[in-house]
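A short write-up of the structure that comes next.
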Amino acid sequence: MDRRTLLLTGTAAMAVGIAGCATTPGAAPASGRARFTALAGPAAERRPVTITQLGRVRTDDYQWMRAAHWQEVIDSPTTLPAEIRTHIEAENAYTEEVLMAPTAALRDKLFQELRGRIDEDDSSVPAPDGIFEYAVRFREGGQYPIVVRRPIDRVTKAPTGPEQVVLDGNVEAEGHAFWRLQGWAHSPDHSLVGYAVDYRGGNSATLRFRDTTTGRDLPYEIQEIAGPPDWAPDSKTCFYQAVDANFRPSRVMRHTVGAAGRDTLVFEERDPAFQMGIGTSASGEYLFIVRAESASSEVLYIPMATPDAAPRRIAPHRPGVEYYPEHFGGHFFLRTNAGGALDYRIARVPVGAPETAAWEDVIPHQPGRFIGSMEMYGRYMVLDLMVDALPQFSIRDMASAQDHLVSFPEEAYDLSIARGFEFDTTTLRFTYSSPTTPAEVWDYDMATRERVLRKRQRIPSGHDAADYVTRRIVAVAPDGARVPVTLLARRTTPLDGTAPCLLYGYGAYGISMPASFSIGRLPLVDRGLVYAIAHVRGGQERGRQWYLDGKLMQKRNSFTDLIAVAAHLEDARIVAPGRTVIEGRSAGGLLVGATMNMAPTRFAGVIAGVAFVDVINTISDASLPLTPPEWTEWGNPITDPAAYDYMMSYSPYENVAEHTYPPVLAQTALSDSQVTYWEPTKWVAQLRARAPQGGPYLLRCNMEAGHGGASGRFDRLKEVAESHAFALWCLGMTA
């Protein structure tokens, strides 16, 4: 889980003057980067707290910003202590004066451009399931998704009746400051839909059941859950995850529809170092309970035909061994790294005795061919591969054991499987896009190898892929590692060392940054920026080792990779020196925060969204929701002196120094349980106190949202417009 995959009137108004900004688009400031002079922002009170840990001593001047009852604040932001609220509102007011007011017209224009690229009445390609097909669509002007279904002929898939609205998010969201559909699942007999709604922006949701015949909800709800339910074949029994007081999914519960308050505990995760999740096999025959941390996993299973059975273990936990199951015939198929399979292999084990049987190789490990996921169908296995930083599909006919690859032509692109509800099908549905090519939904016949285009993303304001160019280049890191870089630019933008740049990175948890299409990038690219994605170590673009080389005691590689990419873009005369704004969100906020400390004068601006920047304090606090499971990602500074020292060497908050840093926009939200609001808030205070000659340092806190930002799709576009306006402001391109 990604810790780290925002607007109230302030209580104080700050008079601010801004000087030295170029106003001609594309013109570089004389100093080589955007420079600003601004009056000081809100000065946070210093209340030094001395922390002794493993014989080491550190001082935290702003620990008071962490509310003692932070769990309650995430659930109910109105309970934030008055002195903290006053400070955050003053920060919001300062940001309003420095950034928001001067760029109001630009932000509105950016928002309109973004909205003009959205198909407001968009709909997904319907997914058949027996006698119904289901889809999710939007209506023009609507902020929230609408779940619909239509009766179809079971064989021909032809519609046999009118569309029915199952759930209209626009109606359900009325009267709520925040509303996000976390997920939904219909029962096998189609009589019920269980749906989970997040009303706060945190990790917990409320589960309700809707009668699809009457359109009414059953007269009860289940609170403090995570994700939609998994249904048993009887359409009366379902399983869900309950969260604990620290917002961790920790219990698997069995629920019988109509029996409110009588749910049965199936499994409880007692080790906070493990994250837990549930899911049904593609065959529908088994429920899997997965407990995992970043270096190992263990899975239990329940036959869905007997949902009241006790869970059994597929294989016991072994440190350093991961396995993730699917079901086919009489076997569990396992994507696993066991036996030194660094980039994973596929093995199988009999369902009847999985815990004692030996694992039989089905697809051996092949170094450099990273198996990211495995999908099973009635006659086929599909592997989602990553080879040399590009995705591929490998399809195996289970009867003949013959494999074939599905190929794609562009220099950089993204693929994702759009898994439907049906198991016994020859159709693989997938989505293809590239930075220049809007998303396309294809149905691929795994038997005949024919492709049928089912949908192409419509851009109402117009989009010609030929107007843009995508390139994949490589930057060499100081230790010789070859870092892939994806570039997007207008074809008319000269790549001769004069263009400004927005450089994006993430680099954690093995999450690879896709080279996909995004309408959000186009307003910047259309203004002459090069949009670059740095595929730094910590992701898995170059396989599992690429991830291992960017975690734990190798984490600094992520930061030096980003600096190497920025330097290469300049040295290769692709972008202008000193004209790059870097952006990262969540763990990407750590990436840009640490990089800024290491290269404080290289960048024109820094955008850090919901940024994980208070690393040593957060990873030393076992009460926080995601800290114990992430000791295998970052190290455990509570027990390991080497991990403590290494973490202290790069933690952005701890390493702020007296540099002339570039302008910074830090975004956060009060109900964020993944990266808590006080991390960016403390960081901005630290920057302003220790490096007053730099900046300005701006905090934008959403007082009614969580880690994902605003819940409505248009409200999210406004947040994108804010980030873009800041980047253009840093580059002197606001005219």
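Kindly provide the set of residues from the range 398-415 that are closer than 21 Å to Glu450 by Cβ and part of a strand (DSSP E or B), ordered by number. Result: Gln402, Asp403, His404, Leu405, Val406, Leu415.
The residues of the range 115-169 that are assigned to a strand (DSSP E or B) and of a type in the set (A, V, I, L, M), listed by number, are Ala127, Ala135, Val136, Ile146, Val147, Val148, Ile152, Val165, Val166, Leu167. crowded, with 17+ Cβ neighbours inside 10 Å and farther than 30 Å from Arg491 by Cβ, is that true of Thr425? In short, yes.
Out of curiosity, is Leu453 more than 23 Å from Arg542 (Cβ to Cβ), in contact with a strand residue (DSSP E or B) (Cβ under 7 Å, 6 or more places away or on another chain) and not in a loop (DSSP other than H, G, I, E, B)? Taking the combined requirement at face value, the residue satisfies it. Could you tell me whether Asp384 is modelled with pLDDT of 95 or more and part of a loop (DSSP other than H, G, I, E, B)? No; evaluated as a whole, the condition is false for this residue. Considering each residue of the range 474-503, count those that are over 24 Å from Gln112 (Cα atoms) and not in a loop (DSSP other than H, G, I, E, B), and give that number. Of the residues in the range 474-503, 9 are over 24 Å from Gln112 (Cα atoms) and not in a loop (DSSP other than H, G, I, E, B).
Taken over the range 387-397, the residue count meeting the criterion of being at pLDDT below 95 and either closer than 17 Å to Thr448 by Cβ or touching an Asp or Glu at 6+ places or on another chain (Cβ under 7 Å) (or both) is 1. For Thr425, the conditions (1) under 22 Å from the mean Cα position of the chain (by Cα); (2) among the polar types (S, T, N, Q); (3) closer than 18 Å to Val452 by Cα are fulfilled apart from (1). Do the conditions hold for Gly462, that is, is it of a type outside the set (Asp, Glu) and more than 16 Å from Ser123 (Cα to Cα)? Spelling it out, Gly462 is indeed of a type outside the set (Asp, Glu) and more than 16 Å from Ser123 (Cα to Cα). Of all the residues in the range 153-176, those that are surrounded by 12 or more Cβ atoms within 10 Å (Cβ to Cβ), farther than 14 Å from Phe138 by Cβ and hydrophobic (A, V, I, L, M, F, W, C) number 1.
Residues considered: Ala196, Ala177, Ala158. Of these, the only one that is within 24 Å of Gln674 (Cα to Cα), out of contact with any Gly (no Cβ under 9 Å at 6 or more places or on another chain) and small (Gly, Ala, Ser) is Ala177.
State all residues of the range 431-460 that are of a type in the set (S, T, N, Q) and either farther than 29 Å from Gln402 by Cβ or within 24 Å of the chain's Cα centre (by Cα) (or both); if no residue qualifies, say none.
Across the range 431-460, the qualifying residues are Thr431, Ser433, Ser434, Thr436, Thr437, Gln457.
The criterion of being in contact with a strand residue (DSSP E or B) (Cβ under 7 Å, 6 or more places away or on another chain) and among the hydroxyl-bearing types (Ser, Thr, Tyr) holds for Tyr644.
Condition test on Thr431, is it part of a loop (DSSP other than H, G, I, E, B) and polar (S, T, N, Q)? Answer is no for this residue.
Just to be sure before I move on: is Trp683 touching a Phe, Trp or Tyr at 6+ places or on another chain (Cβ under 7 Å), surrounded by 21 or more Cβ atoms within 10 Å (Cβ to Cβ) and aromatic (Phe, Trp, Tyr) in the structure I sent? Taking the combined requirement at face value, the residue satisfies it. Checking the range 667-679 against the condition returns no match, with no residue being at pLDDT 95 or above, farther than 21 Å from Thr79 by Cβ, assigned by TED's automatic domain parsing to the domain that holds Ile616 and charged (D, E, K, R). Consider Leu385 carefully, then state whether it is hydrophobic (A, V, I, L, M, F, W, C), under 27 Å from the mean Cα position of the chain (by Cα) and more than 26 Å from Glu133 (Cβ to Cβ). So Leu385 fits the description; yes. Take the conditions (1) small (Gly, Ala, Ser); (2) in contact with a Gly (Cβ under 8 Å, 6 or more places away or on another chain); (3) surrounded by 23 or more Cβ atoms within 10 Å (Cβ to Cβ); (4) in a helix (DSSP H, G or I); Ala643 misses just one of them, which is (3).
Taking the criterion of being in a strand (DSSP E or B) and modelled with pLDDT under 95, the residues of the range 236-261 that qualify are Val243, Pro249, Ser250. The combined condition, being assigned by TED's automatic domain parsing to the domain that holds Val299, under 28 Å from the mean Cα position of the chain (by Cα) and in a loop (DSSP other than H, G, I, E, B), is fulfilled by Pro367.
The values are calculated or read from the model by the stated rules, or taken from the named source; none is laboratory data. This structure is a prediction, so every number in the text was calculated from the model and none was measured. Please note: Cβ atoms are built from the backbone with ideal geometry, for glycine as well, and neighbour counts cover all protein chains shown.
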